[in-house]
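The values are calculated or read from the model by the stated rules, or taken from the named source; none is laboratory data. None of the values given here were measured: they were computed from a predicted structure. Positions of Cβ are backbone-derived with ideal geometry, glycine not excepted, and every protein chain shown enters the neighbour counts.
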Amino acid sequence: MARGWGLGTVIEAAVVVAIVAVVAGQLLGQPVLLGYVTSGSMAPTMETGDGFVAIPAAVAGEVEEGDVIVFQAESLHGGGLTTHRVVDVTDRGYITKGDANPFTDQDNDEPPVKDAQIVATAWQPGGGVLVIPELGTVVMGTQSVIQSVQRRAAAALGTRSLLGVQGLAYLLFALSIVAYVLDVWLGGSSDRRRDRQRERDSGTSARLLVAIFAAVIVLAATAAMVVPAGSQEFGVVSAESDAPGPRVIEQGTSESVDYPVSNGGLVPIVSYFEGDSERVSVEPTELRVPARESVNATLTLSAPPETGYYRQYLVEHRYLAILPQSTIRALYEVHPWLPIAVIDGLLGGSFYVVGIALAGTGRIRSRSRETPGGVFDRLG
């Protein structure tokens with residue numbers, strides 16, 4: 001008979017989800033499910049180190065006055081992700097301000113925020129931000145410890161492959177295996193052995209191990225699709241006369257240049273391009289790039305009739321071509337995130353099913369005195 005979920009299981013599941021969300025956010029360079037603030041500019045709504053539930057911009061819907069958004073700033077704090085409130089919506093973009101700040105960001109030389117710069121919106125049930133106290137403090141402290149461990153491990157082994165996000169994935173993978181092996185090896189008392197035997201019979205441990213591997217694959221696939229994509233800014237000067245290059249264009253005219261799309265991975269990709277206005281476009285809007293190759297598209301930038309400096313954004317959506325291109329296109333037309341969800345589900349689900357098929361129901365027997373062998377006599 002299947003057991004119901006106890007409070008401890010629910011708490012453990014919540015902790016796992018939080019950890020995965022934070023790791024995924026670090027991997028993708030933007031908050032995924034959970035975000036946090038690193039300054040007091042949003043006090044008293046959020047104090048330094050407080051966390052919040054982050055809804056990705058692609059699914060959050062239209063931004064309105066009063067929303068708290070996470071956006072890629074240009075000049076604030078030297079650029080980077082900023083979490084502030086929208087206090088006005090204009091034709092040029094959103095006017096933002098920290099709740100504790102006396103002036104808007106645009107008073108401090110930050111240009112109005114465009115939709116292409118927004119990566120997430122803070123969840124505000126009932127009109128107020130749902131705050132998770134000290135989440136950021138815990139994350140930043142943990143991150144500091146992990147970075148220290150990475151540096152020590154990299155120095156001890158003489159390799160830089162353990163540094164950065166990729167190195168973190170290696171370390172987590174290795175630690176999960178070591179912890180699992182120790183858990184099986186160090187049996188302890190007879191009561192513990194009986195408990196462990198029940199766990200082996202239920203198959204929980206094997207499924208957990210396969211699920212960890214599947215999660216690593218999904219995170220890697222998501223990073224391969226999201227990290228190289230996103231929005232790219234083009235600063236264009238609309239001038240009375242043209243100048244070499246696409247940055248200074250005669251007012252009211254357009255200029256086209258080659259736009260290389262590179263794929264450094266081992267799997268072909270399909271990219272789709274969207275301009276944030278009629279003044280920036282790429283042809284073709286759908287492009288397939290083979291593995292380890294680069295393909296040129298044509299980027300066209302247009303200068304408005306009025307002279308001045310204008311920011312224009314091009315948004316790229318990138319997908320691993322493990323589905324037929326027509327299928328990816330159909331999913332993309334429904335929603336740009338749908339192909340990622342389907343591809344992740346296909347990769348993670350396929351790996352999990354194959355892993356369970358190979359490992360059986362997860363019955364794992366440890367080495368005993370009567371039966372010589374390695375750490376595991378049988379997995380299956």
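Any residue at all in the range 46-61 that's surrounded by fewer than 17 Cβ atoms within 10 Å (Cβ to Cβ), at pLDDT 85 or above, assigned to a loop (DSSP other than H, G, I, E, B) and out of contact with any His (no Cβ under 6 Å at 6 or more places or on another chain)?
Yes.
Within the range 99-106, identify whether any single residue is within 25 Å of residue 308 (Cβ to Cβ), modelled with pLDDT of 90 or more and not in a loop (DSSP other than H, G, I, E, B), and answer yes or no.
To start, the set of residues in the range 99-106 that are within 25 Å of residue 308 (Cβ to Cβ) comprises 103-106.
Subsequent filtering for residues that are modelled with pLDDT of 90 or more retains 103-106.
Right, trim to not in a loop (DSSP other than H, G, I, E, B) and you get 105-106.
There is at least one residue in the range 99-106 that is within 25 Å of residue 308 (Cβ to Cβ), modelled with pLDDT of 90 or more and not in a loop (DSSP other than H, G, I, E, B).
If residue 369 passes every condition in (1) modelled with pLDDT of 50 or more; (2) outside any helix (DSSP H, G or I); (3) over 17 Å from residue 212 (Cβ atoms) but one, which one does it miss?
(1)
Just checking, how many residues over the range 90-117 are under 27 Å from the mean Cα position of the chain (by Cα) and at negative phi?
Filtering the range 90-117 down to residues under 27 Å from the mean Cα position of the chain (by Cα) leaves 93-99, 105, 110-117.
Those still in the list that are at negative phi too: 94-99, 105, 110-117.
Total meeting the criteria: 15.
Only one of 290, 336, 304 is within 27 Å of the chain's Cα centre (by Cα), surrounded by fewer than 19 Cβ atoms within 10 Å (Cβ to Cβ) and either hydrophobic (A, V, I, L, M, F, W, C) or closer than 23 Å to residue 93 by Cα (or both). Can you tell me which? Give the steps one after another, and end with the answer.
Details: 290 fails: either hydrophobic (A, V, I, L, M, F, W, C) or closer than 23 Å to residue 93 by Cα (or both); 304 fails: within 27 Å of the chain's Cα centre (by Cα).
336 is the lone residue from the list that is within 27 Å of the chain's Cα centre (by Cα), surrounded by fewer than 19 Cβ atoms within 10 Å (Cβ to Cβ) and either hydrophobic (A, V, I, L, M, F, W, C) or closer than 23 Å to residue 93 by Cα (or both).
Take residue 121 and tell me if it is modelled with pLDDT of 90 or more, under 20 Å from the mean Cα position of the chain (by Cα) and among the polar types (S, T, N, Q).
Here the answer is yes, as residue 121 does meet what is asked.
In the range 62-80, what count of residues is obtained for those that are out of contact with any Ser or Thr (no Cβ under 9 Å at 6 or more places or on another chain) and either assigned to a loop (DSSP other than H, G, I, E, B) or surrounded by 16 or more Cβ atoms within 10 Å (Cβ to Cβ) (or both)?
7
Go through the range 247-287 and give me each residue that's aliphatic (A, V, I, L, M), within 29 Å of the chain's Cα centre (by Cα) and crowded, with 16+ Cβ neighbours inside 10 Å.
Our first condition is that a residue be aliphatic (A, V, I, L, M); within the range 247-287, this holds for 248-249, 257, 261, 266-267, 269-270, 280, 282, 287.
Imposing the further condition that a residue be within 29 Å of the chain's Cα centre (by Cα) reduces the set to 261, 266-267, 269-270, 280, 282, 287.
Answer for the range 247-287, where residues must be aliphatic (A, V, I, L, M), within 29 Å of the chain's Cα centre (by Cα) and crowded, with 16+ Cβ neighbours inside 10 Å: 261, 269, 270, 280, 282, 287.
Which ranges mark the strands (runs of 3 or more DSSP E) fully within the range 250-348 that have 3 or more residues being touching a residue at least 40 places away in the same chain (Cβ under 8 Å) and under 21 Å from residue 227 (Cα atoms)? Break it down stepwise before answering.
Working: elements: 254-263, 269-275, 280-283, 286-289, 293-302, 308-320.
Because the criterion is at least 3 residues that are touching a residue at least 40 places away in the same chain (Cβ under 8 Å) and under 21 Å from residue 227 (Cα atoms), the strands (runs of 3 or more DSSP E) in the range 250-348 that meet it are 269-275, 308-320.
Of the conditions (1) closer than 26 Å to residue 217 by Cβ; (2) surrounded by fewer than 18 Cβ atoms within 10 Å (Cβ to Cβ), residue 296 fails just one. Which one is it?
Condition (1) is where residue 296 drops out.
Residue under question is residue 33, and the condition is that it be touching a helix residue (DSSP H, G or I) at 6+ places or on another chain (Cβ under 8 Å), modelled with pLDDT under 90 and over 29 Å from residue 216 (Cβ atoms); does it hold?
Values: touching a helix residue (DSSP H, G or I) at 6+ places or on another chain (Cβ under 8 Å): yes; modelled with pLDDT under 90: yes; over 29 Å from residue 216 (Cβ atoms): no.
Against the criterion (touching a helix residue (DSSP H, G or I) at 6+ places or on another chain (Cβ under 8 Å), modelled with pLDDT under 90 and over 29 Å from residue 216 (Cβ atoms)), residue 33 does not qualify.
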